Structures are given as structure tokens and as C-alpha cells.
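Input: a single structure, listed below in C-alpha cells.
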Amino acid sequence: MDEIEQTEVEQNDVIDVGYTDVPGTMLTDSNAICDFIKKTKIQDVLNWGRKNSLWFMVNAMGCCGVELLATGMAHYDTDRFGIIPRNSPRHADVLIISGYVTKKYLPALKRIWDQMPAPKWVICFGDCAISGGPFYESYSTHQNVDEVFPVDVFVPGCPPRCEALIQGFVELQKKIEAKKDKGTDY
């Protein structure tokens, strides 16, 4: 390669990966496609679809779990918001950590999180999930779940009401729409 071609390569930041040049074609990779999508209106359309179809993983622990289950029932009818409970981690995109998390249950919860497809989000529901609640510094309860999972929304209360969980979903939808959620790194 002579000197002129080398400076041209340095100026254009072209990386030669061994492909032959075909006139009128351009080679790209998945990172370039992701960057393009993040900079265009396509990302806004994708985020609109994601925020209006939040399927949450049913993970009921303790008294917060009763409120979580009641939120999915007919009285509150989260289906009208596009918030649908799922029983399989492969079909869910929101993990709701409700109630206390014991040290014995934490590896199973991590496995559920790993099985969920990206993008995915986490809502901490209740004082026990956020800080341990009345079980704070217990020998069997894990405190500070936000150190293990990238929590997007905290819903405080002991136990929080169903309306608070719906408000937590609304806050998550606002974060997704504004692209300030932790689940957009896909």
C-alpha cells in the first residue's frame, strides 16, 4: 500500500476485513445498524411499541405478592394498558421483584432474569424488595436487590396498593419513551 492510500484509509477509518470491493455496495455490521436505529425515528417507534406492551413475570413473594396478583385481576384490569402477566420468563420483559428475597431464592431469581429476552426491565415492589423491610439484616433475607438487578422503578409501601404498581408501570413507560431506562442497552 503506498503512502497516499494509507493516509486515505486513516482519514476515512475504513477497516479492511478481507472483502473484495464491489462498486455501489456498502458493508456494515450489527453495531452500525444499532447506532443507526438509535439515531433515527425508528427507535421512537420501537420504544412506543415496547412501552405499550409490557408483559410482566409473575413472581409473587409474601404479602406484596398478593397485591401483585390482585393487580392482574378483573378489578384493575392491567390488560387495557397492555400490561399482561406472563408465567414464562421467555415471554416476559418486566421482572417484578415483589416482597422479600431470601438468600436461597436469589439464584433462582437470577436464573429467571437471565432467561428473559432483552430489552428487559425491573420493578422493585414493596419495602421488603427495596431494602429488606421488617426482615432487614435478617440471616436469610437478601437486602439491596438493586445491587444484583438493574432496577428501573421502585414502588414503596408495605404492602403497596395495586394503584401504586400501576403508577410504577406508568413511570416505567415514561422512562422507556424518554430512553432513560436501563433496558435500552440491546
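The values are calculated or read from the model by the stated rules, or taken from the named source; none is laboratory data. On a predicted model such as this, the values are computed, not experimentally measured, just so you know. Glycine gets a Cβ as well: all are built from the backbone with ideal geometry, and neighbour counts include every protein chain shown. Please note that ligands, DNA and RNA were not included when accessible areas were found on the heavy atoms of the full protein model with its side chains. Shrake-Rupley method; radii C 1.70, N 1.55, O 1.52, S 1.80 Å.
A few comments on the model shown:
- Student exercise, region 63-121 dipole from Lys, Arg, Asp, Glu Cβ charges, in Debye to nearest 20: 360
- Among Val145, Ile123, Ala178 - extreme Cα towards positive end, dipole of region 112-186, charges at beta-carbon: Ala178
- Subset of Lys41/Lys110; Lys41/Lys120; Lys39/Lys120 violating a 31 Å alpha-carbon distance limit: Lys41/Lys110
- Taking region 90-186 and dividing mean pair separation by its residue count, relative contact order in percent (alpha carbons under 8 Å, at least six apart): 29
- The Rg/Rh ratio for region 83-173, using Cα coordinates for both the radius of gyration and the Kirkwood hydrodynamic radius, is 0.95.
- Cys34, Cys162, reordered so the largest accessible area comes first (probe 1.4 Å): Cys34, Cys162
- Taking all C-alpha pairs of region 117-166, those more than 12 Å from each other amount to 63 percent.
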